[in-house]
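Read through the structure below, which is laid out as structure tokens, and then see the notes.
The values are calculated or read from the model by the stated rules, or taken from the named source; none is laboratory data. Quick caveat, the model's predicted, so the values are computed rather than measured. We place every Cβ from the backbone using ideal geometry, glycine too, and count neighbours over all the protein chains shown.
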Amino acid sequence: MDPASCGYCGGAIGPATGGAPAYLRCPWCGSLNLRPLPHAENNEYFDDPEAIERMDAADLRRRGFLAERLSRLEEAVAGKRGRLLDVGCATGRLMELATSRGWEVSGVELSPTLARKAAELLPDAQIVSAGIMEAQGLPPEGFQAIAALDVVEHVLDPLAFAQRLRELLAPGGAVLLHTPNTSGLRARLQGERWNMRISAYHYHLGTPEGFRALARRAGFASLGHRTTSGTGQEAGTARLAFRLKNSLLRGLGLGNGMELLWGRPGD
């Protein structure tokens, strides 16, 4: 990709000034683009044994969050079941849930350690240990649904990533992404202290406008977006407070995360 262009909308952001990597804000869509980019995607955090155990425990606690994302995908494909691809499948908890609801699942995971844990959890599933751009054995137009939760901010070239998803999605299928929201209230209030500004592995942090542009550039139809708040792990009274906060911020479009639904029109 052109380093002087926004990874989402493609607008000119100007070259990095040199020195340490820094986020440049796109004047067209408001997305944050890390420049200069590293030569390869950094996966070290996701191969740390303690981090993996924390991640798996968190996914177990946020089964409701994963179930809600899966339901959104199922609604987008009119309840039909077929093949589902989980991009950045981690330890496989979303695929485990999808299997219980009648989907045939495949997963792609850059971390070899996470991929092995997913394969242990789901021995009959197709698990590819690679990045989505390098993954082999995935059938073109072979998936009715694709989930990519908290993945796109980690890729060096969002447009190439989105185009790859379109190649794999069957006509009439749907893609669901979840990612940090640069237009959210926390990002606005915290500015450079926003906890999603993690230059080690968050390379592009988008806005709803940026993702609408990215969908058009990659050949998708935007089916809608909404913001999200919280971690999905809340319990007890914290869960009630989370629901109230999420409802308020979602209504204003100011949640700290956002969920984007894209479709591929039937041919």
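Out of all the residues in region 54-63, which are loosely packed, with under 13 Cβ neighbours inside 10 Å and among the small types (Gly, Ala, Ser)?
ALA57 - this is the single residue of region 54-63 that is loosely packed, with under 13 Cβ neighbours inside 10 Å and among the small types (Gly, Ala, Ser).
Check GLY184, GLY210 and return the single one that is over 30 Å from LEU138 (Cα atoms), small (Gly, Ala, Ser) and in contact (Cβ under 8 Å) with a residue 12 or more places away in the chain.
GLY184
Which condition does ASP47 not pass, out of (1) closer than 24 Å to ALA145 by Cβ; (2) out of contact with any strand residue (DSSP E or B) (no Cβ under 9 Å at 6 or more places or on another chain), if it passes all the others?
So the condition that ASP47 fails would be (1).
Residue-by-condition table, conditions (1) hydrophobic (A, V, I, L, M, F, W, C); (2) over 24 Å from LEU165 (Cβ atoms); (3) modelled with pLDDT under 95:
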{"residue": "SER199", "(1), (2), (3)": "no, yes, yes"}
{"residue": "TYR203", "(1), (2), (3)": "no, no, no"}
{"residue": "GLY219", "(1), (2), (3)": "no, no, no"}
{"residue": "LEU223", "(1), (2), (3)": "yes, no, no"}
{"residue": "GLN233", "(1), (2), (3)": "no, yes, yes"}
{"residue": "GLY236", "(1), (2), (3)": "no, yes, yes"}
{"residue": "GLY251", "(1), (2), (3)": "no, yes, yes"}
{"residue": "LEU254", "(1), (2), (3)": "yes, yes, yes"}
{"residue": "PRO265", "(1), (2), (3)": "no, no, yes"}
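Hey, could you check region 1-53 for residues that are part of a loop (DSSP other than H, G, I, E, B), hydroxyl-bearing (Ser, Thr, Tyr) and touching a Gly at 6+ places or on another chain (Cβ under 8 Å) and say which is surrounded by the most Cβ atoms within 10 Å (Cβ to Cβ)?
TYR8
When region 141-153 is examined, which residues are found to be in contact with a Lys or Arg (Cβ under 9 Å, 6 or more places away or on another chain) and either at pLDDT below 95 or outside any strand (DSSP E or B) (or both)?
Matches in region 141-153: GLU141, GLY142.
Can you tell me which residue in region 115-135 is surrounded by the most Cβ atoms within 10 Å (Cβ to Cβ), limited to those that are in a loop (DSSP other than H, G, I, E, B) and free of Cβ contacts under 8 Å to residues at least 24 places away in the same chain?
Of everything passing the filter in region 115-135, ALA130 is surrounded by the most Cβ atoms within 10 Å (Cβ to Cβ).
Yes/no per residue for (1) of a type in the set (Asp, Glu); (2) surrounded by fewer than 21 Cβ atoms within 10 Å (Cβ to Cβ); (3) more than 18 Å from ASP150 (Cβ to Cβ):
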{"position": "ALA78", "(1), (2), (3)": "no, yes, yes"}
{"position": "ARG81", "(1), (2), (3)": "no, yes, yes"}
{"position": "ASP86", "(1), (2), (3)": "yes, no, no"}
{"position": "LEU97", "(1), (2), (3)": "no, yes, no"}
{"position": "SER106", "(1), (2), (3)": "no, no, yes"}
{"position": "THR113", "(1), (2), (3)": "no, yes, no"}
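Restricting attention to region 22-39, which residues are within 28 Å of CYS89 (Cα to Cα), touching a residue at least 40 places away in the same chain (Cβ under 8 Å) and not hydroxyl-bearing (Ser, Thr, Tyr)?
LEU32, ASN33, LEU34, LEU37, PRO38 - these are the residues of region 22-39 that are within 28 Å of CYS89 (Cα to Cα), touching a residue at least 40 places away in the same chain (Cβ under 8 Å) and not hydroxyl-bearing (Ser, Thr, Tyr).
Residues LEU138, LEU156: which one is surrounded by fewer than 22 Cβ atoms within 10 Å (Cβ to Cβ), within 17 Å of the chain's Cα centre (by Cα), of a type outside the set (S, T, N, Q) and in a loop (DSSP other than H, G, I, E, B)?
So the residue among LEU138, LEU156 that is surrounded by fewer than 22 Cβ atoms within 10 Å (Cβ to Cβ), within 17 Å of the chain's Cα centre (by Cα), of a type outside the set (S, T, N, Q) and in a loop (DSSP other than H, G, I, E, B) is LEU156.
Which of the residues spanning region 1-29 are modelled with pLDDT under 95 and either of a type in the set (Phe, Trp, Tyr) or over 22 Å from HIS154 (Cβ atoms) (or both)?
Once the filter is applied, which keeps residues that are modelled with pLDDT under 95 and either of a type in the set (Phe, Trp, Tyr) or over 22 Å from HIS154 (Cβ atoms) (or both), region 1-29 yields GLY14, PRO15, THR17, GLY18, GLY19.
Assess whether GLU167 counts as being surrounded by fewer than 20 Cβ atoms within 10 Å (Cβ to Cβ) and touching a strand residue (DSSP E or B) at 6+ places or on another chain (Cβ under 9 Å).
no
Can you tell me which residue is surrounded by the most Cβ atoms within 10 Å (Cβ to Cβ) among those in region 197-220 that are part of a loop (DSSP other than H, G, I, E, B) and in contact with a Leu (Cβ under 6 Å, 6 or more places away or on another chain)?
TYR203
Which of the following residues is assigned to a helix (DSSP H, G or I), under 23 Å from ARG243 (Cβ atoms) and more than 17 Å from the chain's Cα centre (by Cα): GLU68, GLU75?
GLU75
Looking at region 159-180, is at least one residue in a loop (DSSP other than H, G, I, E, B) and of a type outside the set (Gly, Ala, Ser)?
No, region 159-180 contains no residue that is in a loop (DSSP other than H, G, I, E, B) and of a type outside the set (Gly, Ala, Ser).
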